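Below is one structure, written out as C-alpha cells; comments come after it.
The values are calculated or read from the model by the stated rules, or taken from the named source; none is laboratory data. Since the structure is predicted, the reported quantities are computational estimates derived from the model, not experimental observations. FYI the Cβ positions are ideal-geometry reconstructions off the backbone, even for glycines, and counts take in every protein chain you see.
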Amino acid sequence: MALEALSYDHTFWREKLPDAEKGLSLEMRLHLIFSLTMYLSVSVRQLMHWIFTTDIPSVFRRVSIFMGFFESEITPEAQFGPAMLFGLWRTRGRWPRAQSHLREMTIPCAHELALQDSNRLINNPHLQIKMKTLTIHKLRALLHPQKLIEVFKELAPFMWQILHTFCASPNNHRRRKAAEADAAAAALGPLDEDVPMPDLNSDDDEDWADDPNLESGESDPDSVPPHWGHEYVGFSRNPVFAILLSLSMLIFVRNRATNVLPLILGLFFKISGTSSRVVQMLSNAGICVSSDTIERLKVLISEDAIGLAVELITSGQVFFTIFDNINIFLRKSQQRLNNTDDMINATNCAIIGIDDVEPLTAADLAEKLALRGNRAKAKPTDILPTPEDDEIVGRSFVALIAEMIVAYCPGNREWEERKDIATAVAAMMPLDRPLPPVKTNARPFGVFDVNEGSKKGVVKVLQSVQERSTLSQKIWSSISRIFVGDWLTSNNLRGARRDRTDDVNAMERLEYADELSAPWHFALQATHMLMRTHYGHAVEDPASLAAHKGLLNRKWDVNKPNYAAAKSLIRHSLIARILHCVMVLQGFTLYSQLAGWSPTLEDIQTIALVISNDFATATAARKAQAAGDDWMAHSIYFIRDSLFFMLFEKAVSFADAGQLIRVLKYWGLAFRGVGQHNYARECAEVLVRWTYELPAKLRLALERSWFVNRFGKMGRFIPSDLYLEQLNYWVKRVYIASGAGVTIQYIIRKGSACVEAFRDISHMVANFFGDPDRARRHKEVKFQQDIEALVSEMQRLKFHVVSTKAHFVPAPPPKKISKKTTADTSPRSAVVDVFVKGSEEWNSKFNEFIRATTYDKELGYPLAPEAADTGSDVLRTGTAFDNSANPLTYETYADLHGNDGEGAMGAGALGGGDEFYGSE
C-alpha cells in the first residue's frame, strides 16, 4: 500500500539534528544528505527511481516543479531541469567512455528505436501490396485507413508518440484560450449555457487565419463536430491524419514495397481527376505511387471485376443482364464540317444476381415457349384499372398526402409526438408484395464496342455478352436469360426475335432472351407526361406549372429541360397545393396560421382523406370544370397525376412489384392520352405478358430484375436501369481519361468494369479524411420560403375553392389538316383528363396492339408491326414538352442520384436530386 506522506517528518529530524546543523551552507547540507544515502547503502539509481515513481504528494509536487518548463528563466538549464542533468552528464560524466553508449542508448532512444520502428513497418507483409495478386476483394479490405492507424501505432509506437507530441501539442494560443474557457466555465457555472464561451478556434492574427471548421463542416447547421474534435480542442485539422501520412511517406521512400496508403491515395487522386503532373509531384514526395503504377492497377481491377461477373454467371444462381447505350463525344470543340461524327457509341453492361428464385432450367424455357401466343385471349379490360385497383390507390393517396403533411408542414418540429405520428402515417401505406431488404449482388461487366441502338446492335450485344461469359452458345441458350433495358432495347430485341423466327437454332432465334423494360425510364417518361399535361401557359392559367416556375424564378430553359429540374418543380408545386388544401379545410387565411397548427394523428388522417376525395379525383375535377372553374380542375388533375408518380416512387423504394404494376395500368392510359404511345404500348406489354405468357418462376425473376439495393436497407431500393445509368455517369463523366486518352480501348480495359471499386475507394478515402458525403449533396436552403410563396399565391387567387367567377383556360387553336379542311375554331379547354382520353384511344387500338404482337404457332410473329400513332394538339405549349420524344436530359449528378430512397417521402428512389431531405 502506497504511503500518503513521508515517514520521517520535521519532528523526527528536529530531534536528531542539533540546532547548529540547521545553519549549514547549501554545500554542507548536500554533503550531509549524500552521506546518509551512503550510510544507508542506497544507490543513486534507487534514489532517483523512487523519487520519480512515488505517489507521495510532497515528493510528487517537488518532482513536478523540477520537470516543469519555466520560460521566464534565462538559461536552458534553469528553464528545464532534465536538460541540466543531461548537460552535466555529457560534460562532467565519463564522457569518453559513454560516447558509444550515448549512440546506442540515448540517441537510441531516438535513433535505434526509430530504426526498429521503421524496420518493423517495412518488413510487415500486411503493408506490402503486390500488384500481380491484387483483387477487388483485397482492395476493398484495404479501404479502411483506420486499420492502418492501428497497425502503425502497434508497429511504430515510438515514432507515433514522437510525431503525436510534435503536431498535437497545443500552442501558446490554444493554451491561453483553454485557460480562458476554464476560467469562464468556473465563473459562469454549469447552468449558464446561453452565455457564449471563448472560441478556441479564433486567431488574433488574420494573416494566419484559416477555415477553422474545414473538416467538421460546422458552417452547415445540420452538421456535427467530428469525433476527434473533442480530443484535439481548437484544432482545425486532425493531427492523426498528418501522423499517418508522414509515416507512410517515410517508409514508402525507404522501401517502395511498403505501398498500402500510397497505392490507395494514388488511385484516389487519379480517379478524382488529378492531373498527371500533380500526381507525379505527389509521387516524388512519397505521398502516392506513380501514374504508370496506377494505370497498371486500373487494368488489374478491370480484369478482376469482369472475372467476378463471370463467376456470378457460371455459379448457377439466377441473374439478369442489364445494358444500355453510352455515347461519348471526342474533342467536341474540335469538330469541323468534315468531322462531325467524332463520337464513341458503345454499350455498358452489368450482371446482377437475383435472390429467392430457384435456378431456371430447360423445362422452364420450354414452358415459357409453350405459352407464347396466349395473349390472343387478352381483353381490353386486362390493361384497365379494376375497382380493386381504384380502392387500393385511394388508400395509397391518403397515406401519401398524410406523409406530405407530416414531412413538410411548417412548424412540424414543434408537434407533440411527431415521431409517433410519422411512424403511424408511414404504416398507412398499402403494400402488395415488397421484397426483403437484401443487399443486391451487382457486378459491372464493362463496356462493349457495340452500338445497341438497333435490332442488329442488340443481337451483337447478346452475342458479345455470351462470349465474355465464357459459356458456350449451347449452354447459354439452353435456359431463359433475362435482359433489362429501356423501351428501345426491349422493342429492338422483340423485333430481332420476330425477324429470326425461322433461324437455324435456339441461339440465333433468340428464344432464350427475356426482355424487360425497367422502371426508371417509365418514371422519366411519366415526368415528361406530367410536364406536357400540366406545364400550360403562365398568364392564362395560374394553376399551371409554368406559372409556378415563374413565381419560383426557376431559370432552366423549357426548350432544353433536364430531369432533376422538372421533377423538382413538380414536387414543389404538389407539396404547396397539398398544404394549401389543408389551409382551406382548416379555415386558415395566413401561412403563419398553418405554421402554428398542431394536429393530432386523427386530424391528419381525416384531412388527408378529405383531400384525397375532394382534391385528387377525376370526379371532383369534373365538378369544378362543370362549374366553370378550369383553375381548380387543373389543380385537381395535377394533384392526382403527381400522386401517381409519388406512388410509383414509393413502390420502387420498397421494391413493391404489385404496386408498381398497378401504377402501370393508369400510366398506360395517361401515356396514350398525351401521345407518348411507345411507353403506352410498353405498359400494355407488361400487363398482357404478366397475365398470359409467363410461368410463375420466370415472372418472379422478372419482378426481382426491376430493383437494386446497394445497402441492404429497408426503403433503399432503386430501379435497375437507374443503377446502370449511374454507372454510365461514372464512366462518362467522372472516371473518364483526359485528352487523347479517351478511346474505346481505354474505356474497356481501364474505365468501365472497375467503376464500382473506384466509387468504394473515393467514398472511403474521402470520408475518412474528413470530406463527408453531404459535400456532394444539394440541399435547397430556401425550401420553406418557396413553399410559402406558392401557398400565399394560391391563397391570393383563392385556389381549391370553386369560384363563382368563370376561370376558363383556352386551348391553342387546332392545326389545319389540309388546305381543303377548315379547322374548328370553337373554344376548347386546355384542361383535359388524360386518363379518359387515353382510355378512349385504347378502345380502338387494343385489338390492333394484340394483332401486331401475338405469336402464332403456325405462322410465327406478324410481319407488320403496329401502325404509328398521332398525338393531340390540345396540350400544345410551344415548348420542348410538346414533342412525343422525351426531351428531358439526365447528364448531371443531380439527375441520376438521390438518396436511394432514404429521406422524406422516399424521395430519391428515382433519382432527380435530394433537395427535400433538409425540409423535414
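Miscellaneous remarks
- Taking the conditions (1) in a helix (DSSP H, G or I); (2) charged (D, E, K, R); (3) not assigned by TED's automatic domain parsing to the domain that holds residue 482 in turn, residue 432 satisfies each one other than (1).
- Test: residue in the range 588-595 that is under 23 Å from residue 644 (Cα atoms) and either surrounded by fewer than 20 Cβ atoms within 10 Å (Cβ to Cβ) or not small (Gly, Ala, Ser) (or both): no
- Residue within the range 624-631 that is within 16 Å of residue 405 (Cβ to Cβ), out of contact with any Asp or Glu (no Cβ under 8 Å at 6 or more places or on another chain) and charged (D, E, K, R) present: no
- When residue 439 is tested against (1) at negative phi; (2) buried (at least 18 other Cβ atoms within 10 Å of the Cβ); (3) outside any helix (DSSP H, G or I); (4) not aromatic (Phe, Trp, Tyr), only condition (2) is not met.
- Residue check for residue 445: touching an Asp or Glu at 6+ places or on another chain (Cβ under 9 Å) and part of a strand (DSSP E or B): no
- For the range 811-831, the criterion of being modelled with pLDDT of 90 or more, of a type outside the set (Asp, Glu), under 20 Å from residue 385 (Cβ atoms) and surrounded by 13 or more Cβ atoms within 10 Å (Cβ to Cβ) is met by no residue.
- Summed over the range 546-556, the residues that are in contact with a helix residue (DSSP H, G or I) (Cβ under 7 Å, 6 or more places away or on another chain), without any contact (Cβ under 8 Å) to a residue 60 or more places away in the chain and either at positive phi or hydrophobic (A, V, I, L, M, F, W, C) (or both) give a count of 1.
- Yes/no for residue 147 being among the basic types (Lys, Arg) and closer than 20 Å to residue 241 by Cα: yes
- Residue 867 being at pLDDT below 90, part of a loop (DSSP other than H, G, I, E, B) and under 46 Å from the mean Cα position of the chain (by Cα): yes
- If you check 555, 549, 560 for being part of a helix (DSSP H, G or I) and out of contact with any Phe, Trp or Tyr (no Cβ under 6 Å at 6 or more places or on another chain), only one passes: 549.
- Single residue of the range 52-92 satisfying the filter (surrounded by 12 or more Cβ atoms within 10 Å (Cβ to Cβ) and not in a helix (DSSP H, G or I)) that is modelled with the lowest pLDDT: 80
- Yes/no for residue 436 being within 19 Å of residue 642 (Cβ to Cβ) and not hydroxyl-bearing (Ser, Thr, Tyr): no
- Meets criteria (at pLDDT below 85, not in a helix (DSSP H, G or I) and not acidic (Asp, Glu)) for residue 197: yes
- Selected residue [at pLDDT 85 or above, touching a Lys or Arg at 6+ places or on another chain (Cβ under 8 Å) and either in a helix (DSSP H, G or I) or closer than 30 Å to residue 247 by Cβ (or both)] from 118, 35: 118
- Positions within the range 382-411 being at pLDDT below 95, assigned to a loop (DSSP other than H, G, I, E, B) and either among the small types (Gly, Ala, Ser) or in contact with a helix residue (DSSP H, G or I) (Cβ under 6 Å, 6 or more places away or on another chain) (or both), in sequence order: 410, 411
- Hey, residue 606 more than 35 Å from the chain's Cα centre (by Cα), free of Cβ contacts under 8 Å to residues at least 12 places away in the same chain and more than 28 Å from residue 898 (Cβ to Cβ) or not: yes
- Filter pass, residue 486 being of a type outside the set (Phe, Trp, Tyr), more than 37 Å from the chain's Cα centre (by Cα) and either surrounded by 21 or more Cβ atoms within 10 Å (Cβ to Cβ) or farther than 26 Å from residue 305 by Cα (or both): no
- At least 2 residues being touching a helix residue (DSSP H, G or I) at 6+ places or on another chain (Cβ under 8 Å) and not assigned by TED's automatic domain parsing to the domain that holds residue 326 is the threshold, and among the helices (runs of 4 or more DSSP H) wholly inside the range 467-540 those reaching it are 519-534.
- Meets criteria (basic (Lys, Arg) and modelled with pLDDT of 90 or more) for residue 749: yes
- Top-ranked residue of the range 710-739 - restricted to ones that are over 14 Å from the mean Cα position of the chain (by Cα) and polar (S, T, N, Q), ranked as modelled with the lowest pLDDT: 738
- Checklist (1) part of a helix (DSSP H, G or I); (2) assigned by TED's automatic domain parsing to the domain that holds residue 735; (3) over 29 Å from the mean Cα position of the chain (by Cα); (4) in contact (Cβ under 8 Å) with a residue 12 or more places away in the chain applied to residue 306, failing item: (3)
- Among the residues here, residue 314 qualifies as exposed (fewer than 13 other Cβ atoms within 10 Å of the Cβ), among the β-branched types (Val, Ile, Thr) and under 30 Å from residue 461 (Cα atoms).
- Out of 504, 459, sole residue that is at pLDDT below 95, more than 33 Å from the chain's Cα centre (by Cα) and not charged (D, E, K, R): 504
- Within the range 784-798, the set of residues being within 16 Å of residue 409 (Cα to Cα) and acidic (Asp, Glu) comprises 786, 788.
- Of all residues in the range 876-913, those satisfying the criterion of being in a loop (DSSP other than H, G, I, E, B), crowded, with 24+ Cβ neighbours inside 10 Å and modelled with pLDDT of 60 or more are 898, 908, 909, 910, 911, 912, 913.
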